[in-house]
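Peer 1: My questions all concern the structure below.
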Amino acid sequence: MADFILEIGLEEIPARMIAGAEAELGERVTKLLARERLTGDDAAVTTYSTPRRLAVLVRGVQATQADLEEQLTGPSWNVAFKDGAPTKAAEAFAKKAGVELSAVQKITTAKGEYVGATVRRPGKTAAELLSVELPKEVLGLYWAKNMYWRAGKPERFVRPVRWVVAMLDSTVVPVEIAGIAAGNTSRGHRVLHGEAPVVIASADQYAEALRGAKVVVEVAERRHLIRKALDKETRTVAGARWREDEPLVETVVHLTEWPTVLLGTFEQEYLSLPDEVLVTVMRDHQKFFAVNGPDGKLAPHFLTVLNTEVDEEGRQIIRYGNEKVLRSRFKDARFFWDVDQKTPLAERVESLKAVTFQKELGSYHWKTEQNLRVVEALSAVCPGGDPAALRKATELAKTDLTTELVKEFTELQGIIGGLYARAQGLGETAARAIYDQYTPASIEDVIPQTIEGQLLGIADRIQTITAMFGIGMAPTGSKDPFALRRAANAVVKILAESELPLTLSEVVRAGGSGEDVAAFLRERLAFYLKDVRGFAYDVVNAVLAAGGDDVRDAIARAEALTAVRGSEDFAAISIAFKRIKNILRQAEEKGFAVGSAEGVTAAEARQLADASAFLAPKVDVLRKQRAYGPALAEIATLRPVVDGFFDKVMVLDPDAVVRGAHLGLIEGVLKGFSGIADFSEIVTG
Amino acid sequence: MPSVSSSSVVSRPAAPPASSPLTFQELLFRLQSFWAERGCILQQPYDVEVGAGTMAPETFLRVLGPRPYRVGYAQPSRRPADGRYGENPNRLFKHTQFQLILKPPPVNVQELYLQSLEAIGIDLRKHDLKFEEDNWEWPAGGAWGVGWQVMLDGLEITQFTYFQQCGGLDLDPICAELTYGLERIAAFIQDVDSLYDVVWARDPETGAAVKYGDVRFEEELQFSVYNFETADVPRLWEHFNSYEAEAKSLLEKANAVLADEKAAAAEKKRFPLLPTYELALKCSNLFNLLDARGAISVTERVGVIARIRNLAVGVAKAYALQQVS
């Protein structure tokens, strides 16, 4: 058993693409080795990456494939041998199989006698197989954006491949990837190690050799080092804590090979800018971590993660440089803030005419008018909140698009509008609604805090969806250039997680939307229940089959159904309901008439009729009280009578009258108990 | 020295660098010699207004076709809307890009780039350098590439791009384009807070400094006034239309000549495509001026960019044909 290492050396890979590529390379190499019978179940795979490399180490690789014995079958014996003498057909078979004629055997099968031969295929060496197969796997990696670099454009990859290490233990595997022959030398940190080659003595010493060249190839370890160093640097300021920011940690993990951390400081005076602006500048523009003081408020410090380790003089130089860049960005932001105040939001409405919302639809001025119309309609069916503040917020919601600060920091749209509205004394309710209008920005994000913000958020999105559908911009397959799915997900999420007394159909009506938009929202509701709430797909199908207009009600029903779904009684009920549906379908196909359940005579049929008549009103009362758990428990008590009915009674009786009564009975049961969910959708093991 | 409030713990390097930092012009000398020693032709700035070094024909047209080329030049780049009357310490109407085209890129192009930083006095052992993803495109030129912004202690000092397409044409071979922002790098090396305080040159005898502001302030002020206030909008449109008309008519003729199988190679070679490209550049600059004057509405914008694109892409395609005729 040998260890196999593969390292692809690259120019700096975009940080956002590294984790996915590292995992995919590991998977591809693992599958390749298994497919070629070079690894068993005990193979251990470790993957590594830095901005300049992707690597995978597999322990427990066979140096050579095991030999294979294969049984080949040829033409019929009578065709191959005439009177005991081989014919052309026999010769051709032997030649094709690569055996002597004398080695051809007779094989007897159920279909007759054939010629056959046993062929032994010697296993190939790992080196031989890998040199052919590895390049295909590596060059097959998915990249969100890739490039050509060699003349003649033989391949595309994320960035130029500059070196390749491929070794089985200490032997180089002769493979060539993108014109680079693999060897046993890697490269170290650009500055801390320099250009001297890093010799890998054997595959299992890969990570250690690179550590000697100032590269930490283990991603988890870099993450750990960075977090520890962030903590340590932060402790130099009494009582301070760095603001947790997982996506930023991941970014800097993938921007560094040898990370260290440095704390910098900015002038107190900039703290007069809103936190949102300061943090955006630090995080999005400089990849700095923000720091909280002992009081939990933003402190005038930042943390930056370096891709190097320097002496004290170097730390001072680097700190000074970073502080200077940050200061000039803060200065810009403050300048924009001050300039923006000279034109209040209310005076900016008119200038929205010059900001395009969508070429074919109109400007943001048009969009604002449309949103106002939707907001009015929503307010009419959804009492509560402050309609005047909501109207004001809607009028001004998009005006921050004309401000210098939003032009500079587009990711702060909405937030800046909210902050300006507050600073300009437009009232906290309107300001808050403007501030929150784009939340939830993702399905993990929180919904707007206030009723006004929730209604504005819904109105803005349903208007966009409806208008885009109207000009044929509905999402198709993977294409959703206007992120309409995300917009619809946000509508569903707000309805699900707020207390707004609004149904999907009321939203659709307020939006002036058509059936296409309604169907789109229902599809997004199913997505929300399955992928966000984690309900099983059959539960979701069952619940939505009984209606999904009231989003929070659908969730409550799905919860209740999930709780009883595993029980034995309920599984039996699900099976029975499936059976009822099938029988009713058959009956319809055969043109059998459905009669009155009153006419049933068999004892078991009578019992089912009685139990059903007794339970149905009880369940109905509970359902109306939204006591879905107790309602489902009541339904589960039907099991013995349902089972008894199907055990003893032939539903499709030859007698039309009896049959009609049976059909009437089961149809009644189906209708009477399907208001919470369509149980026949439940998948039973 | 920037004023730093006393309560702040903002620190400066313990000691200033041993020798005095490079002046603005020395910075350019060093970069030019560094790259000349590595086989680059040194060109002079292109003498027609451009918004970026990429737009000069030494880049835009030379990257087309199979012929290898290595060139470096300092290109004054005009962005009328970025003017601030000389009042903003970090923004300029006209800045200088040291533009480098390496076609095809050498395999050690990144290492060479790092050496060029050492050559201008940046000791990488005392700084933090990162290559962060930044892809570049110029839609009006049908050009794009992938690459990085090079960050030095949190400051973007270079745009590094592997050109993939230009004029709507796939490039083969591709080239590496390095764009050094000279003012910004000079301010970094000299540790000044305002670009106007950058030392442009020093008197060799007295050591007296001539600053960037001494050389360029007047220009920033007056061009800001012109670009934002006084440029005559109807006349700018007239210029635009007339340059466009001439470029279009030349392009039509070019396409006819280049497609004519009977035309002699010499006739094709002498067709004035380079002047046609200049006319397209004129249109591009006029567009930027009109934009700074706020004379282009949002709805018009897309259409005008498409007109410039038609010219630039049209010239690129014709030029590529001409090269192989």
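Read the figures in this text as sums done on the coordinates, not as results from a lab. Because the structure is a prediction, the values reported are computed rather than measured. Note that each Cβ is placed from the backbone with ideal geometry, even for glycine, and that neighbours are counted across all protein chains shown.
Peer 1: Taking each residue of A:259-269 in turn, how many C-beta atoms of other protein chains fall within 10 Å of its C-beta, and what is the average?
Peer 2: Per-residue shielding by partner chains comes out at 2.
Peer 1: A further question on this structure: So if we plug the beta-carbon distance of A:Glu523 and A:Glu411 into 1/(1 + (r/R0)^6) with R0 = 30 Å, what FRET efficiency do we get, rounded to 0.05?
Peer 2: Working from the Cβ atoms, E equals 0.55.
Peer 1: Step through the residues of the range A:41-46 one at a time and calculate ³J(HN,Hα) from phi using the Karplus curve (6.51 cos²θ - 1.76 cosθ + 1.60, θ = phi - 60°), rounding each to whole Hz and writing x for Gly and Pro.
Peer 2: Along the range A:41-46, the couplings run 5, 8, 5, 10, 10, 10 Hz.
Peer 1: By how many nm would the segment from A:Lys353 to A:Val381 lengthen if fully extended, with 0.36 nm per residue of separation less the alpha-carbon distance?
Peer 2: 7.1 nm
Peer 1: Shape of the range A:561-681 from its Cα gyration tensor (a ≥ b ≥ c, root eigenvalues): rounded if a/c is under 1.5, otherwise prolate when a/b > b/c, or oblate?
Peer 2: Numbers: a/c = 1.89, a/b = 1.74, b/c = 1.08.
Prolate.
Peer 1: Compute the relative contact order of chain B as a whole-number percentage, counting only Cα pairs closer than 8 Å that sit 6 or more residues apart in sequence. List each step's numbers first, then the result.
Peer 2: Values: 547 pairs, mean separation 63.2, N = 325.
For chain B, the relative contact order is 19 percent.
Peer 1: Okay, moving on. Using +1 at the C-beta of Lys and Arg and -1 at the C-beta of Asp and Glu, which of A:Ala613, A:Gly675, A:Ile575 has the Cα lying farthest in the positive direction of the dipole of the range A:541-685?
Peer 2: The one lying farthest along the dipole's positive direction is A:Gly675.
Peer 1: With equal scatterers on the alpha carbons only and no solvent term, can you work out the Debye log10 of I(q)/I(0) for the range A:219-340 at 0.20 1/Å?
Peer 2: Treating every Cα as an identical point scatterer, log10 I(q)/I(0) equals -1.15.
Peer 1: Moving to a separate point now. Under 20 Å from the Cα of A:Lys297, which lysines turn up, not counting those fewer than eight places away in the same chain?
Peer 2: Once the sequence-local lysines are set aside, what remains near A:Lys297 is A:Lys232, A:Lys287.
Peer 1: Straight-line reach from A:Lys359: which lysines fall under 23 Å, measuring Cα to Cα and dropping same-chain residues less than 8 apart?
Peer 2: By straight Cα distance, A:Lys359 reaches A:Lys367, A:Lys398, A:Lys407, A:Lys479.
Peer 1: Can you give me the span-like helices of chain A, meaning DSSP H runs with 20 Å or more of Cα extent along the axis and Kyte-Doolittle mean at or above 0.5?
Peer 2: Values: long enough: A:15-35 (31 Å, 0.08); A:219-234 (22 Å, -0.99); A:312-341 (43 Å, -1.14); A:364-381 (26 Å, -0.31); A:451-470 (28 Å, 0.64); A:551-565 (21 Å, 0.30); A:568-590 (33 Å, -0.34); A:603-624 (32 Å, 0.01); A:656-672 (23 Å, 0.91).
TM-like helix candidates: A:451-470, A:656-672.
Peer 1: Looking at the square roots a ≥ b ≥ c of the eigenvalues of the Cα gyration tensor of the range A:420-513, which shape do they give, rounded for a/c under 1.5, prolate if a/b is larger than b/c, or oblate?
Peer 2: Verdict is prolate for the range A:420-513.
Peer 1: Quick one: net charge around B:Leu273, please, counting Lys, Arg +1 and Asp, Glu -1 for every other residue with C-beta under 14 Å from its C-beta.
Peer 2: On the way: positive: B:Arg62, B:Lys248, B:Lys253, B:Lys268, B:Lys269, B:Arg270, B:Lys317; negative: B:Glu246, B:Glu252, B:Glu267, B:Glu278.
Neighbour charge sum, excluding B:Leu273 itself: +3.
Peer 1: What size of dipole, in debye to the nearest 20, comes out for chain A about its Cα centre when the only charges are +1 on Lys and Arg C-beta atoms and -1 on Asp and Glu C-beta atoms?
Peer 2: Charge dipole of chain A: 1120 debye, to the nearest 20.
Peer 1: Measure nothing fancy, just the Cα-based angle from helix B:109-119's long axis to the longest principal axis of chain B, in degrees from 0 to 90, nearest 10.
Peer 2: 40 degrees
Peer 1: Sticking with this structure for a sec: If one computes the Cα centroid of the range B:248-273 and of the range A:504-562, what distance in Å separates the two points?
Peer 2: First find each Cα centre; the distance between them is then 64 Å.
Peer 1: Could you work out the mean count of beta carbons from other protein chains within 10 Å of each residue's beta carbon in A:138-150?
Peer 2: If you average over the peptide's residues, the count of other-chain Cβ atoms is 3.
Peer 1: Going by amide H atoms built from the backbone, whose H comes under 5 Å of the H on B:Gln75, apart from near neighbours?
Peer 2: Here B:Gln97, B:Phe98, B:Gln99 satisfy the definition.
Peer 1: Which of the residue pairs B:Lys262/B:Lys317; A:Lys590/A:Lys624; A:Lys31/B:Lys103 have a Cα-Cα distance greater than 30 Å in the structure shown? Mind dumping the intermediate values first?
Peer 2: On the way: B:Lys262/B:Lys317 20 Å; A:Lys590/A:Lys624 37 Å; A:Lys31/B:Lys103 39 Å.
Beyond 30 Å: A:Lys590/A:Lys624; A:Lys31/B:Lys103.
Peer 1: Also, I was wondering about something else. What spacing in nm lies between the two simple spin-label points modelled at A:Ala346 and A:Thr637, each 7 Å away from Cα in the Cβ direction?
Peer 2: 6.5 nm
Peer 1: Which lysines does A:Lys96 reach when only Cα atoms under 21 Å apart count, and residues fewer than 8 places away in its own chain are ignored?
Peer 2: A:Lys82, A:Lys88, A:Lys106, A:Lys124
Peer 1: May I pose another question? Shape call for the protein assembly as shown from the C-alpha gyration tensor, a ≥ b ≥ c root eigenvalues: rounded (a/c under 1.5), prolate (a/b greater than b/c) or oblate? List each step's numbers first, then the result.
Peer 2: Details: a/c = 1.85, a/b = 1.29, b/c = 1.43.
Oblate, because a/c is 1.5 or more while a/b does not exceed b/c.
Peer 1: In percent, how large is the relative contact order of the range A:347-534, given Cα pairs closer than 8 Å and 6 or more residues apart?
Peer 2: Once normalised by length, the contact order is 19 percent.
Peer 1: Please compute the contact order of chain A in relative form: average sequence separation of alpha-carbon pairs under 8 Å and at least six residues apart, divided by the residue count, as a percent.
Peer 2: 7 percent
Peer 1: Cβ under 12 Å from A:Ala389's Cβ, A:Ala389 left aside: what net charge do those residues give with Lys, Arg +1 and Asp, Glu -1?
Peer 2: On the way: positive: A:Arg391, A:Lys392, A:Arg432; negative: A:Asp386, A:Glu395, A:Glu428, A:Glu452.
It works out to a net charge of -1.
Peer 1: A further question follows. Where does helix B:298-324 land angle-wise versus the long Cα axis of chain B, in degrees 0 to 90, nearest 10?
Peer 2: Helix B:298-324 and the main axis of chain B meet at about 70 degrees.
Peer 1: Could you give the Stokes-Einstein D for chain B in µm² per second, using the C-alpha Kirkwood radius, 25 °C, 0.890 mPa s?
Peer 2: It diffuses with D of about 114 µm²/s by this estimate.
Peer 1: Same structure, new question: B:Ala245 to B:Ala265: FRET efficiency via 1/(1 + (r/R0)^6), r the Cβ-Cβ distance, R0 41 Å, to the nearest 0.05?
Peer 2: The value I calculate is 0.90.
Peer 1: Let me ask something else about it. Gain in length, B:Arg91 to B:Ala201, computed as 0.36 nm per residue apart minus the alpha-carbon separation, to one decimal in nm?
Peer 2: 37.5 nm
Peer 1: Further question on the same structure: Summing Lys, Arg as +1 and Asp, Glu as -1, what charge do residues with Cβ under 14 Å from the Cβ of B:Val199 carry, B:Val199 excluded?
Peer 2: Net charge around B:Val199: -4.
Peer 1: How shielded is B:162-174 by partner chains, expressed as the average number of their Cβ atoms within 10 Å of its Cβ atoms?
Peer 2: Working: counts 6, 1, 7, 0, 0, 0, 0, 0, 2, 2, 5, 6, 7.
Mean shielding count: 3.
Peer 1: At a Förster radius of 35 Å, what calculated FRET efficiency corresponds to the Cβ-Cβ distance of A:Asp83 and A:Thr118, to the nearest 0.05?
Peer 2: Calculated transfer efficiency: 0.90.
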